[in-house]
Structure formats: C-alpha cells, structure tokens
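Take a look at the structure set out below.
The values are calculated or read from the model by the stated rules, or taken from the named source; none is laboratory data. Note that this is a predicted model, so its numbers are computed, not measured. Every residue, glycine as well, gets a Cβ built from its backbone with ideal geometry; the counts of neighbours run over all protein chains shown. Ligands, DNA and RNA are excluded from the accessible area calculation, which covers all protein heavy atoms including side chains. Shrake-Rupley method; radii C 1.70, N 1.55, O 1.52, S 1.80 Å.
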Amino acid sequence: MSRVSTVVFGLTLFLASLLLFLLEPMFGRMVLPLLGGAPAVWNTCLVFFQLTLLAGYLYAWASSRWLGRRAQVGLHGALLVAAAVMLPVRIVPAWAPPAEANPIPWLLAVLTVSIGLPFFVASTIAPMLQHWFAQTDHPDAEDPYFLYQASNLGSLVALLAYPLVVEPWLGLRQQGIVWSTGYAAFGMLVAACAWALLRAPVRRQAASRALDAAHASETAPKPKSRKHKLRREAAAARIPNPACHDEASRQRVWRSRESRIPALRLARWVLLAAVPSSLLLGVTTYLSTDVAAVPLLWVIPLALYLLTFIVTFARRPVIAPSTTAVVLPFLVLPLVVVVILRTAEPPWLVLPLHLAAFTAIGLLCHGQLASERPPTRWLTLFYLCLSVGGAAGGLFNALVAPLVFPMALEYPLALAVACLFKPYRNTPARLQRTSAGDIVWPIVLGAASVGLFTFVARGGPALARLEIPIAFGVPLLAGYVFSYRPIRFALTIAALLAAGLLRPDQFGTQVHVERSFFGVHRIVEDHANNIRILFHGQTLHGAQSLDPARAREPLAYYTRSGPAGQLFGSDSGRPVKSVAVVGLGAGAMAAFAEPGQRWTFYEIDPVVVRLARDSGQFTFLRNARGRVDVVVGDARLSLARTTQRFDTIVLDAFSSDAVPVHLVTREALELYLSRLEPGGVLAFHASSRFLALRRELAALAADAHLAHLRQIDLRQERVLEWTGWTPSDWVILARSREDFGRLARDSRWGPIADLPARVWTDDYSNIMALFRWR
C-alpha cells in the first residue's frame, strides 16, 4: 500500500471530523433563537450528536463484523448519496416549538429531520476507515489508532475555526452552502479509500486472527467453576502497563490473555468515556448560564475535550499519566470550594480553574483508555464502547439529571466519580486494598465540614470573612492527604460537596428549589431584612418584602427611585397606556402598572410564570392596579405574531446572568420598533457581571439612528442595612430625543461614554468583545 493511500485515509478522517464539528455549532446556532437562547439548547444538541455518533459507531461495528468488503463499500456508498439529498444544511420547516411543554422532544425531532442522516454518515467514518486501513497490507495496519489523531485534529480545527473564522465572516445560509461543498469533497475521498481497500490483499488480518486465537487457546486455563471464571475475568480487566505505548508491547500484553474481552473491561471503557462526557456538559452549562449561550463558549470545553484525546492517543504522549495524577488534587480541591460557594468571580480565576480541572480529568480518563486500547480485531468494538460512554454521560446530564435532581448536582457528582480513576502512587500492592478507613474518614470529614459551616454562619459578619480559612482549610488539607488513595479521595470529594449542600445560604433560608429546561430556580427568605428573593442560577431575578405594608413596593433593580421607577413615574412626563416587558422574573415591574394601563409580560419559562403568578410566593402580578397579561413562549417569536403596539417595550430577559443574544440584534431591534407606537421608548436592562452590554446597545442605536440615554444606579448601601436595592444599569432608546420626555433633561441620564461595539445580527455576534475580566 503506497504512502499516498495513507495520506488519503488521514485526509478523509480529517475532513470528516472537520465537517462533523463545524456542523455541531453551526446548527446549534441556527436552532438557538427558536428556544430563547437557553443554555440547555446546546446540551440537548450535544446529546443528539453523541447519540448519532453512537449509532454511527454501532453501524461501523456491525458492518465490519457481518459484512464483507464489497458489501460494506456498497452500503456506505448508498448512505453517502442518500445523505446528500438532505443538503444544503438548513432547518427543515416544521412545527413551532411548544410554548409550555418540555421542548426537548421537539428539538430532537428537528435535529433528526434536518441533519440526522448527513451527521450519521460522517460519524461512521472514524471507526470505519480505521477498520478498512487495518485490512490492508500497510506496515502500520496492525496499529491504525494513529489515524485517530487526524480525526481529532480535524475536530479541533473545526471548533477553533467556527467562532474565530466561520461565524464572523459567513452568514448561516452561506455556512450551509460551504458545508455542503465540503461534503461533496468528503464523498470523493471516501470513494478513494474504498478503492484502496478493494485493491489490498486480505492475508494480514487473517493471519493475525489465527495467531491470536491459537495463542489464546494454548495459554488460557480452563475455568474450574463460576467463581474461578469471575476471578479470571476480573484479572483480565485490569489495566495493561501504561508504559506499553509501543504496539509490540501492547500486543504481547493482550495475547497473553483471553481470546475475548471480559465484560468488566467493556464496562470500564464505557465508564472512562462517560465521566469526561458528563463533565463536558457540566462545564459548558456553567459557562453558558452565567455568561451567554453562544458558540464560542460552547466550543472551548469541547475543544479541550478533543485535545485530551489527541494528546493521550498520540504514539508518544506528551503528558504522562503519572503527571496528571499528581496535578489533579491541586485543581479539583480548589474547584470544590468554588462549587460550594456558588461563585463565578473573579472570572479570570474561576473560569480557567473549571477548564483546567476538566482538562486534567479528561487526560486522566482518556489516558487510561489509550493505554488499554486492544488489537485491531477489536477496534470497532473499542470505539463503540467509547461512543456508548460518551452518549451515556450526555444523556445523564441532559435528560436524566434534570428529572432526578432539583439542582445541578450532575457536575459535582461527575467530579467525585472521576477521582476514582486516579491511580495509586508509590503504594505497595498490599496497601492498595480497600479498607474501612476509606469510608470512615470521608464521613468524619464531611460531618466536620457541616459543623464548621454552621459555626461560621452563626458567628456573624466578622467570622464570615474568615469562612475560607476556617471552614475549608482543614478539609482541603485532609483531602490532599487522602489523595494518594483513589477511593478515599473520591469519597472525600463527595463528602465535601454533600456538606456544601447543607451550608447555610448566605442570603437566608432556602424555601423552594425547582429546575426546568431553562435553569435552576431558588426562592430564599432573608428574615433579617424581611425579604423574599428569587434566584435563577447564581443571579438575583427579583425580590419582594415579606411585610404586607410594603408588598407592592418593587425592589432589587426596579426601585421607584431608580431608573425603572423614573421611566414609569410621574417625573418622566410621558403618557403610557400599553407596556410590553420581555422577561418576568418575580413580576416586580407589574408594581408600576396603573389603572387604565395594559401590561403584557413575555416569559419563555413556564416555571417562572408559575412561581411569579400561581405559587403565592410573589404577589406583584396579583396586586397590580392595571391589567396584566402573561404570554408564555419566546418573546421575539411572540412579538412577531402579535399586531399589538406598545408605548414602552422593556427588554429584561436573562438566563441567570447570561444574555439571550438573539434579543439584542439588528433584526430584533427592527421588530421592536415595528411594535412601538410613535413617541414610544425601548428600555434595556443592561446589568451584567461579565458583559459591557451598553457598548452593543450604543452600536444598535447608532446603526438604527436612534437617540439613547443611559443611567447606572450605584448607590452605596451597607450590607447590614440592605433593604432590597441592588445596582442596575439601564439604557433607553427612542426615535427622537423628545420622546424621552423630562428624562432627556434629567441629569441622572446621559449618553453612553464607551466606544460602540460592532452591531450584532442574527448571523453575527461577538460576546468576547464585551467581556469584562474584572
């Protein structure tokens, strides 16, 4: 077999992975606006991709086992042609997303109809071509795993190219056409690989299989009983020597064992693949929930995930497994503190810590998979196990966990499970057995942590400042001491995270937790200040006084003396009859509704509607003096369907602290203006811990030739005297400055001083241009 054929196989794998991982963020970007820009959209898409990848690997395994060469080539050629009929890539016109039901089944159906077959065909290539290559007479046919590097390299290039090159320069329609062109080139390369396979002799694989079978039958002892059989399977499932990175040594290790792979080893492969997959979705959810659901923040964890495959499956790994084992405790233990504190600040420290711990765990698990990879006759089965594990991890996070856990517990749970795979270091074999101390010491440490958390919470503000050294110092030190024993270390991490769930909430008593497709909602009662607070993720989304005399008073970002109150108060001098509010929260803005006015709230999350209107926890909607309606569904789609016009439209939609990008684009602004009465005002709540949204709003105003004003409310109040006010940043837009009424002459309102960013469109957005690292 010529070197040219090797290049063709590698190039085909590279292009197949390039197309796969360009399609993932591209189609996610297409479908995102249909579901309000929720972070769970990407996780659901990722689960679909993993399930389709599993189907592709299952097809590769089954066809390689039961079909001959010519039958495989013929079947695959038919699938390639059938998938081409679905091109170019686009959302096939279908039914509208459900307004109140769980949108996951709808989203999976749209993905299947629109891109299911092309994605499936491209996903089969990695195991299929490596199997084809292994059947040739090439000198490296016994170890085709090196081609896996070409596949992962193509994936990595695609993930980096999409947010940096493809998305900024090409619209979604153009992206679909370019992808289709790449698919045509991919089909021709597959045909060249098939031609090389059909021309190659068969003798190498046949001889190899006969040798392995004969050697296994001679060396394998017959089991005397079921007990002996189970013991032998357990021994066969142990890890081969990680130092055996050359194929000759690995083949000797495998040939000295059974002629089949024990079930325990298959289960281990699945679990080793499932843990990093689960963490991938956990880290992605964290990033996109507190910043924004955009492709750039999707692809960073996915790129690191693929990079761990590239590094560990290299012929000579750059990072040894022993190095990863040493570094892991120094990353996981600080991350436990961050998870318990539920903090995302400072972002320059917290974000890299999440990503670094995730990368280390990926290197640990994938490194062990690479060291255990079997001979070529089990190649497709090996990749099938990896795919099963990847799909299982994704399904657990996206479908199972939201139904089982009221909070996002799947991320910390995967962290604890990952620590089980940390190898022993400098420990004799006789000391590697599980002991009672591996269970008792973590329980003691978890109980001590609960006591320390309670002690600090009751110690007042002075002691609260020392919470990290007091409540975390000793547990973290003990966790590091226990890290040399994997089971004890994993249970210690689990105990600390469980203790964190019992840690008193810094804002008060948690009275309700509920989870939906759009995130986790918490209701906390601050009895010290007599206030009930609604949190979405880590961000405050509304507050109401528990004092009946002050129950009608809007708090948090909406105080009457703040920007929102000025906009709807008598000081504005603007007549207001109809108001649209995008984003409901606790419903605090309904407190501004006056008799004779009609207010319409647009809210995509049915759980938020129920908490604000039907649960009895918040009464702003019930006590409103004007008429208040609530429309469930994505606000942009709902506004496009209505013919009603408004005097004021308020954009106050956030998912935790993340911004639904499709609500802040040129096309979205055109829609708002078409629903705005002459003399009307658009108000944007621009508060964000991480993004300078005012720069994008200034760009939109300049692009549409609108007048604008901005006010940032930064009154200083001591924590002990907190009465429900929180800082806020507001920007208002209008067709002319006179439409602002008296606010145009109010000294508290002024122009945006920052340089405007590039205008976002439905085809283009750039979150990182607005990111604030401090």
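Being open to solvent by less than 20 Å² (accessible area, probe 1.4 Å) and either touching a residue at least 60 places away in the same chain (Cβ under 8 Å) or among the acidic types (Asp, Glu) (or both): is that true of Ile487 here? When the stated conditions are applied, Ile487 does not pass them. Among what's in the range 742-764 and is buried (at least 18 other Cβ atoms within 10 Å of the Cβ) and within 21 Å of Pro575 (Cα to Cα), pick the residue that is farthest from the chain's Cα centre (by Cα). In this case the residue turns out to be Leu743.
Screening Ser736 against (1) modelled with pLDDT under 90; (2) open to solvent by 10 Å² or more (accessible area, probe 1.4 Å) leaves a single unmet condition, (1).
Taken over the range 569-608, the criterion of being in contact with an Asp or Glu (Cβ under 6 Å, 6 or more places away or on another chain) and at positive phi is satisfied by Gly583 alone. Return only the number of the condition from (1) under 23 Å from Ala734 (Cβ atoms); (2) at pLDDT 90 or above; (3) open to solvent by 30 Å² or more (accessible area, probe 1.4 Å) that Gly573 does not satisfy. Of everything listed in (1) under 23 Å from Ala734 (Cβ atoms); (2) at pLDDT 90 or above; (3) open to solvent by 30 Å² or more (accessible area, probe 1.4 Å), Gly573 misses just condition (2).
Among the residues of the range 519-540, those that are open to solvent by 30 Å² or more (accessible area, probe 1.4 Å) and either under 25 Å from Thr285 (Cα atoms) or touching a residue at least 24 places away in the same chain (Cβ under 8 Å) (or both) comprise Asn529, Arg532, Gln538.
Let's see how each residue does on (1) more than 24 Å from Leu501 (Cα to Cα); (2) out of contact with any Lys or Arg (no Cβ under 6 Å at 6 or more places or on another chain); (3) without any contact (Cβ under 8 Å) to a residue 40 or more places away in the chain:
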{"position": "Leu349", "(1), (2), (3)": "no, yes, yes"}
{"position": "Gln368", "(1), (2), (3)": "yes, yes, no"}
{"position": "Leu384", "(1), (2), (3)": "yes, yes, no"}
{"position": "Val400", "(1), (2), (3)": "no, yes, yes"}
{"position": "Ala414", "(1), (2), (3)": "no, yes, no"}
{"position": "Thr434", "(1), (2), (3)": "yes, yes, no"}
{"position": "Asp438", "(1), (2), (3)": "no, no, no"}
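Can you tell me which residue in the range 128-151 is surrounded by the fewest Cβ atoms within 10 Å (Cβ to Cβ), limited to those that are closer than 18 Å to Phe309 by Cα and at pLDDT below 80? Result: Phe146. Scanning the range 544-555 for residues that are buried (at least 17 other Cβ atoms within 10 Å of the Cβ) and either at pLDDT below 90 or touching a Pro at 6+ places or on another chain (Cβ under 9 Å) (or both) yields one hit, Gln544. Between Asp634, Asp605, the distinction of being closer than 30 Å to Asp547 by Cα, touching a strand residue (DSSP E or B) at 6+ places or on another chain (Cβ under 9 Å) and either free of Cβ contacts under 8 Å to residues at least 12 places away in the same chain or not hydrophobic (A, V, I, L, M, F, W, C) (or both) belongs to Asp605 only. Filtered by the rule that a residue be part of a helix (DSSP H, G or I), among the charged types (D, E, K, R) and buried (at least 18 other Cβ atoms within 10 Å of the Cβ), the range 632-685 gives a lone residue, Arg636.
For the range 556-570, the set of residues classified as of a type in the set (Ser, Thr, Tyr), open to solvent by 30 Å² or more (accessible area, probe 1.4 Å) and within 38 Å of the chain's Cα centre (by Cα) consists of Tyr557 only.
The residues in the range 599-631 that are under 30 Å from the mean Cα position of the chain (by Cα) and in a strand (DSSP E or B) can be counted, and the count is 5.
Of all residue pairs spaced 6 or more apart or on separate chains, those with beta-carbon atoms under 6 Å, a first member in the range 493-507 that is open to solvent by 80 Å² or more (accessible area, probe 1.4 Å) and a second member that is assigned to a helix (DSSP H, G or I) and not basic (Lys, Arg) are Leu502/Val450.
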